[in-house]
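Visitor: Attaching a single structure in structure tokens format; questions to follow.
Nothing in this text is a laboratory measurement; each read-out follows from the coordinates by a stated rule. What you see is a predicted model; the values in this text were computed from it and never measured. Quick reminder, even Gly has a Cβ in these numbers, built from the backbone with ideal geometry, and neighbours come from all protein chains shown.
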Amino acid sequence: MTNASGKMSNRIDQLEQAMDQYLATLQAPSKLKEAMRYSLDAGGKRIRPLLTLAFKEYFTGEVVTTDIDVAACIEMIHTYSLIHDDLPEMDNDDLRRGKPTNHKVFGQAMAVLAGDGLLTTAFERLTTISLAPAVIVELTHKLALAAGAQGMVGGQVGDILGEQKQLTLAELQMVHEGKTGALLQYACEAGAILAAQPPTVKEIVAHFGLNFGLAFQIYDDIQDVVSTTAKMGKKVHKDQAHNKNTYPGLLGLAGAQEHLTKMVAICRSDLLQLEQIMGQEPSTLNEFLEYFKR
């Protein structure tokens, strides 16, 4: 995303400021707030909230404070999921974003509660943003679906159960549509909702988001094979050790890279449809697809 790096950096600063400011207002134990802030402030790509803001700006030409606040809620949900993913009962990781994982710093019980706090605080915050009630209801409902048993959590369950057997490509994709795709799909949809787009446009945006999520997971699986801990900020070569179903494991490295190319092409096709409808090139949105060339 080099062409938009300055704008993206500014957006990240705004997101982090919004999250820190809201956490500071919470009437909660200081240790809990410290643990929540530790993982929120650990860095990361912030791709999910940045997608929300990019779609909102594409449709309306601007990003306002309420958009930042909505996007921040998505990052809180994502961060909660990472805290819980890293726990010994899940992936048992001790490194995240180049830093010790939450439970390594604050203990397992506090890490669970920090994740719980971020999850519930995200919904609390979403319902207090100064938006039309109908917009808040739509955003809240869709976020609950994306983050819950029918989305991310359900996908994570499928990932765990899949360790006991070899999944087919269709089964693996279904797992990742929930585990990774659901929240990324919501992130894109949220931008269209904030921009009051019609159902036909929201459908294209949702399709892009889901396929972007699948591309994101394929890319992550590939990087676990070919990258380094220093570059990724987390342990690599662990999927095979944990008997995880992955795209390289199922298709081979070359096959996984070919499948990634296919998913990215579908995303580009979705953006072309938007360009034809809106009459303007989605240049910033195309920048997100450059992520998969790194």
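Visitor: With point charges of +1 on the Cβ of Lys and Arg and -1 on the Cβ of Asp and Glu, referenced to the Cα centre of the chain, which listed residue (Ala147, Ile68, Ala35) lies farthest in the positive direction of the dipole?
Guide: Looking along the dipole axis, the top candidate is Ala35.
Visitor: Among Ser9, Ser130, which comes first, second and so on when ranked by fewest other beta-carbon atoms within 10 Å? If you can, show how the numbers build up before the last one.
Guide: Working: Ser9 11, Ser130 8.
Fewest to most other Cβ atoms nearby, the residues stand as Ser130, Ser9.
Visitor: As I understand it, the dipole of segment 2-293 uses +1 on the Cβ of Lys and Arg and -1 on the Cβ of Asp and Glu, about the Cα centre. Which of Ala195, Ile222, Gly158 lies farthest toward its positive end?
Guide: Ranked along the dipole, the leading option is Ile222.
Visitor: Placing unit charges on C-beta atoms (Lys and Arg positive, Asp and Glu negative, everything else neutral), compute the dipole magnitude of segment 1-145 about its Cα centre in debye, rounded to 20.
Guide: Numbers: 15 positive and 19 negative charges, 42 e Å.
Around 200 debye, computed over segment 1-145.
Visitor: Okay, next question. What does the charge dipole of the chain about its Cα centre add up to, to the nearest 20 debye, if the Cβ of each Lys and Arg holds +1 and the Cβ of each Asp and Glu holds -1?
Guide: 480 debye
Visitor: Run the helix sum for the chain: -39,500 (n - 2.57) per DSSP H stretch of 4+ residues, divided by residue count, reported at 222 nm to the nearest 500 deg cm²/dmol.
Guide: On the way: 14 runs with 209 residues, N = 294.
-23000 deg cm²/dmol, from helical runs alone.
Visitor: Would you please classify the overall shape of segment 2-293 from the alpha carbon gyration tensor, given that a ≥ b ≥ c denote the square roots of the eigenvalues, rounded means a/c under 1.5, and beyond that prolate means a/b larger than b/c while oblate covers the rest?
Guide: Values: a/c = 1.60, a/b = 1.05, b/c = 1.52.
The shape class here is oblate.
Visitor: Cα-Cα over 24 Å: which of Lys45/Lys179; Lys202/Lys262; Lys7/Lys293; Lys7/Lys179? Mind dumping the intermediate values first?
Guide: Details: Lys45/Lys179 18 Å; Lys202/Lys262 22 Å; Lys7/Lys293 20 Å; Lys7/Lys179 29 Å.
The pairs that break the limit, which is 24 Å between Cα atoms, are Lys7/Lys179.
Visitor: Next up: Arrange Met8, Met174, Met278 by Cβ neighbour counts within 10 Å, fewest through most, would you?
Guide: Details: Met8 21, Met174 16, Met278 13.
Taking fewest neighbouring Cβ atoms as first place, the list is Met278, Met174, Met8.
Visitor: As an exercise, use a Förster radius of 41 Å and the Cβ-Cβ distance of Thr128 and Gln166 to find the FRET efficiency, rounded to the nearest 0.05. Mind dumping the intermediate values first?
Guide: Numbers: r = 46 Å, r/R0 = 1.12.
Computed FRET efficiency for Thr128 and Gln166 comes out at 0.35.
Visitor: Using a Förster distance of 22 Å, how high is the FRET efficiency between Lys45 and Gln108, based on the Cβ-Cβ distance and rounded to 0.05?
Guide: Numbers: r = 26 Å, r/R0 = 1.19.
Here the calculated transfer efficiency is 0.25.
Visitor: Ok, one more. What's the exposure ranking of Ile266, Ile12, going from fewest to most Cβ atoms within 10 Å?
Guide: Values: Ile266 15, Ile12 18.
In increasing order of surrounding Cβ atoms, one gets Ile266, Ile12.
Visitor: Go ahead and collect, in residue order, the members of segment 90-105 whose backbone nitrogen is under 19 Å from a label point 7 Å along the Cα-Cβ direction of Ala28.
Guide: Of the residues in segment 90-105, 101-105 have backbone N under 19 Å from the label point off Ala28.
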